[in-house]
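Reviewing the structure listed below.
Values in this text are rule-based calculations from the coordinates and carry no lab data. This structure is a prediction, so every number in the text was calculated from the model and none was measured. Counting neighbours? That spans all protein chains shown, and the Cβs are built from the backbone with ideal geometry, glycine included.
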Amino acid sequence: MTELPAFKLIVNGERTAVRADGDTPLLWVLRDLLGLYGTKFGCGIAQCGACTVHINGQPVRSCSIPLSEAIHGEITTIEGARGPTAKAVINAWTARNVPQCGYCQSGQVMSAIALLSEVPVPSDEDIDTAMSGNICRCGTYLRIRAAIHDAAAQLGKA
Ligand code: FES
Ligand code: FES
């Protein structure tokens with residue numbers, strides 16, 4: 001049996017290595033090989049945002065990025081979301097009781113952190129634009145928007 005190639009990658013600040021085909025979607029590497037189950041599978045075609053993680057701080061759809069590409073940046077999943085912006089977002093999510101079923105929420109949170117890292121005081125329009133790729137079948141959009149405003153305010157006070 002031919003051995004699968006080895007890839008080195010940095011996930012949540014830690015160096016690690018996996019053996020997989022280079023075209024394996026990053027999502028499956030995170031979940032199946034690294035046991036990081038916070039990142040969810042929704043559509044598999046970059047349409048729903050459930051699988052959102054960061055590569056070098058930018059939100060990406062991990063279902064649609066092959067491992068061979070993902071290794072070129074630092075990957076952050078919901079499990080590794082740290083720092084003042086992540087804390088403010090997670091606090092605001094909790095205070096607003098944003099999740100219903102919760103399935104989409106790790107992707108929502110990762111997109112919100114990325115937005116606030118780029119735009120500290122986003123308008124409703126900025127939020128709707130930045131979050132438009134994250135679908136919520138439970139319809140938590142209004143609470144998501146309110147929580148992002150709350151997180152921005154919280155960060156402004158820091
Ligand atoms: S599972 Fe990746 S965008 Fe839907
Ligand atoms: S909270 Fe259920 S899909 Fe968003």
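Tell me, in nm to one decimal, what length is gained between residue 103 and residue 46 on full extension, where the rule is 0.36 nm per residue of separation less the Cα-Cα distance?
18.9 nm
Assuming R0 = 25 Å, can you tell me the calculated FRET efficiency for the pair residue 14 and residue 135, based on Cβ-Cβ distance, to the nearest 0.05?
Step by step, r from the Cβ atoms, then E = 0.25.
For the stretch 1-65, which chymotrypsin sites (Phe, Trp or Tyr not before Pro) pass both filters: DSSP loop (anything but H, G, I, E, B) and at most 15 other C-beta atoms within 10 Å?
37, 41
Of all the Cα-Cα pairs you can form in the chain, what percent are over 29 Å apart?
In whole percent, the long-distance tail amounts to 18.
What is the distance, in nm, between label points placed 7 Å from the Cα along the Cα-to-Cβ direction at residue 124 and at residue 37?
3.9 nm
For 110, 131, what ranking results if the residue with the fewest other Cβ atoms within 10 Å of its Cβ goes first?
The order, fewest Cβ neighbours first, is 131, 110.
Once the piece of chain linking residue 69 and residue 91 is laid out straight, how much longer is it, given 0.36 nm per residue of separation minus the C-alpha distance between them?
Gain on stretching residue 69 to residue 91: 4.7 nm.
Using only Cα positions of the stretch 1-94, each an equal point scatterer, no hydration layer, compute I(q)/I(0) via Debye at q = 0.16 Å⁻¹ and quote the log10 values to two decimals.
With no solvent term, the Cα-only Debye profile gives -0.63.
Based on Cβ point charges of +1 for Lys and Arg and -1 for Asp and Glu, what charge dipole magnitude is obtained for the chain about its Cα centre, in debye rounded to the nearest 20?
Computed charge dipole of the chain: roughly 460 debye.
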